[in-house]
1. Among the residues of region B:140-154, are any more than 14 Å from chain A (Cβ to nearest Cβ), over 30 Å from residue B:263 (Cβ atoms) and hydroxyl-bearing (Ser, Thr, Tyr)?
2. Can you name the number of the only condition in (1) part of a helix (DSSP H, G or I); (2) in contact with an Asp or Glu (Cβ under 6 Å, 6 or more places away or on another chain) that residue B:36 fails?
3. Note down all Cβ pairs under 9 Å where the first residue falls in region A:113-129 and is over 25 Å from residue A:261 (Cβ atoms) and in contact (Cβ under 8 Å) with a residue 12 or more places away in the chain, the second is of a type in the set (Val, Ile, Thr) and part of a strand (DSSP E or B), and they're at least six residues apart or on different chains.
4. Being of a type outside the set (Val, Ile, Thr) and more than 24 Å from the chain's Cα centre (by Cα) is the filter here, so list the residues in region B:70-94 that pass it.
5. Could you please find all residues in region B:138-161 being more than 13 Å from the chain's Cα centre (by Cα) and either of a type in the set (D, E, K, R) or assigned to a helix (DSSP H, G or I) (or both)?
6. In region A:270-289, which residue that is without any contact (Cβ under 8 Å) to a residue 60 or more places away in the chain and farther than 17 Å from residue A:125 by Cβ is surrounded by the fewest Cβ atoms within 10 Å (Cβ to Cβ)?
7. Please verify whether region B:120-137 includes one or more residues that are at positive phi and either part of a loop (DSSP other than H, G, I, E, B) or within 14 Å of another protein chain (Cβ to nearest Cβ) (or both).
8. Do we find a residue being more than 13 Å from chain A (Cβ to nearest Cβ) and modelled with pLDDT of 95 or more anywhere in region B:220-234?
There are 2 protein chains.
Amino acid sequence: MIRSLDDLLSHARKGRRIRVAIAGAENRSALQAMVEAVRQNIADGVLFGKEERLVHFLADVPETIRSALTIVHADNEREAAFKAVEAARLKKVHILLKGKVNTDVLLKAVLDGESGLRIAGKLLSDIFMFEDPEREKKKLMIITDGGVVLKPTLAQKIQMIENAVLVSHALGNSNPKVAILSAVETINSGIPSTVDAAIITKMNHRGQIPGCTIDGPLALDNAVSREAARIKRIRSRVAGHADILVCPEIESANMLAKSTTYFAHFRQAHVTVGAAVPVLIPSRADSAETKLLSIALGKFIYKYC
Amino acid sequence: MIRSLDDLLSHARKGRRIRVAIAGAENRSALQAMVEAVRQNIADGVLFGKEERLVHFLADVPETIRSALTIVHADNEREAAFKAVEAARLKKVHILLKGKVNTDVLLKAVLDGESGLRIAGKLLSDIFMFEDPEREKKKLMIITDGGVVLKPTLAQKIQMIENAVLVSHALGNSNPKVAILSAVETINSGIPSTVDAAIITKMNHRGQIPGCTIDGPLALDNAVSREAARIKRIRSRVAGHADILVCPEIESANMLAKSTTYFAHFRQAHVTVGAAVPVLIPSRADSAETKLLSIALGKFIYKYC
């Protein structure tokens, strides 16, 4: 079982390289991450963007690395997004990484009913993975969904959980503990997220959401701190041990994830799952390291997509 | 201007002691905080609870401190809450601290139309204050509302902001920067919190919400990190410098606040404002230090209530 981002990287260095398509490769941190992924034997790259600019960007890259990178010219953002998505649909690449293209443009290409990467019946959802270095026992935790699904219905929450559970399984955690988060740990009809949490928990008890152990509603403290769960006398196999934190809507997930980055300074990896290939949509403010870790994460899960 | 929790404590040690009522004083960490508040010359205490148990609890407390603590017997939680609220209404105490009484019981007593502490036209809202020790320039930041208002309307959000601004003013920040948080920094009609943010920002521009500078929608990274705001090219006097973080509903505020405690390990103070006196409703898992800091915070703001 992969328990840390360093583990993730070192495992990703083994085995055959995968191929990563960068949509709009004229982006310094995306290219830096790509070069590093080649250097570390994780991936080869197919770079979609303006050829002239990409040749210029790669001028200083050593030939051993340069030879693992293929440039495919695209006149503009839309064409870069379309061509990168096409390569993914034709299985010429295993992961799609957003570079210098607008997120909306890329998602439109990914979600296109004809030429996109949708899988019938599957929801596209956002997986934010982080590592709390101060936990006694190391592990990787997931927050979902801070990036794609705005206000999930009950059915969509279940699909978000299935996507996150798939990622946990891919990293060797065969029975992840899933906390359905709210502001409180009691059912309160004035807080609909607590009601959804109760329903989802019961569905898991009845075997309707397999491959994981779910409990909710839990507040964040009960979900991640054994001590807080003990003080509040919460009896639960998930409380204090959550691997997957499911938030009620995009705002709370986004703030919680960004808080781990901007307040706690945790490292992270970040992937959108539910399409034919893992799609990496980093924030403009993300570092090259985050992008490299996200490529490594994608290498684990593309086979399950 | 008070820029840190240590500043808050050292300023609170000066001047006349205030009187704190503990509703249900048979609570070890509340009493510890109270004893410490007496020792540091911050406050005297009026302890509402079972007399026999309280005498027992105080057996080891030195006489110099014991003499600053008054016990008022109450047979049960409800009576303790009611008597403590009554003392606050009659201005016999300046702050109300929840001890071993259920939050619902205390809030019911506080919100009672006849015997409670409501002020006509004022909203009761939750102020979570924290300090990020790694910021270049020290300051105290506020998150609201993770504890009281479940799903604020636009009008309630404005009252939440007014309450938080009052707290900032009390700490000497005469023009706090207020970020209205969402998951993104652009207006998106599919995310109602971005629409509210735009409206509130414009109301501030028109002078309808005075005493502060408001901007939103902002995502957490743009609100607190100058670097993230720069990369995203957000032109704003608030971005990267926010003093007050206004969340769209209780879940996101609660998770964000708990994340600063359980992931980032920041210290905190915590107060409910909008009633006739500051009401401190700590979580059961809160430390005595948090309760002491909350008493110190209450000492700054009771005059403004």
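1. no
2. (2)
3. Qualifying pairs under 9 Å: A:117/A:279; A:122/A:273.
4. Of all residues in region B:70-94, those of a type outside the set (Val, Ile, Thr) come to B:73-84, B:86-92, B:94.
Residues satisfying the conditions are B:73, B:74, B:75, B:76, B:79.
5. Result: B:138, B:139, B:151, B:154, B:155, B:156, B:157, B:158, B:159.
6. If we take residues in region A:270-289 being without any contact (Cβ under 8 Å) to a residue 60 or more places away in the chain and farther than 17 Å from residue A:125 by Cβ, then A:284 is surrounded by the fewest Cβ atoms within 10 Å (Cβ to Cβ).
7. yes
8. Looking through region B:220-234, none of the residues is more than 13 Å from chain A (Cβ to nearest Cβ) and modelled with pLDDT of 95 or more.
The values are calculated or read from the model by the stated rules, or taken from the named source; none is laboratory data. Keep in mind that this is a model prediction, so the values were computed, not measured. Positions of Cβ are generated from backbone atoms using ideal geometry, with glycine treated the same way; all protein chains shown enter the neighbour counts.
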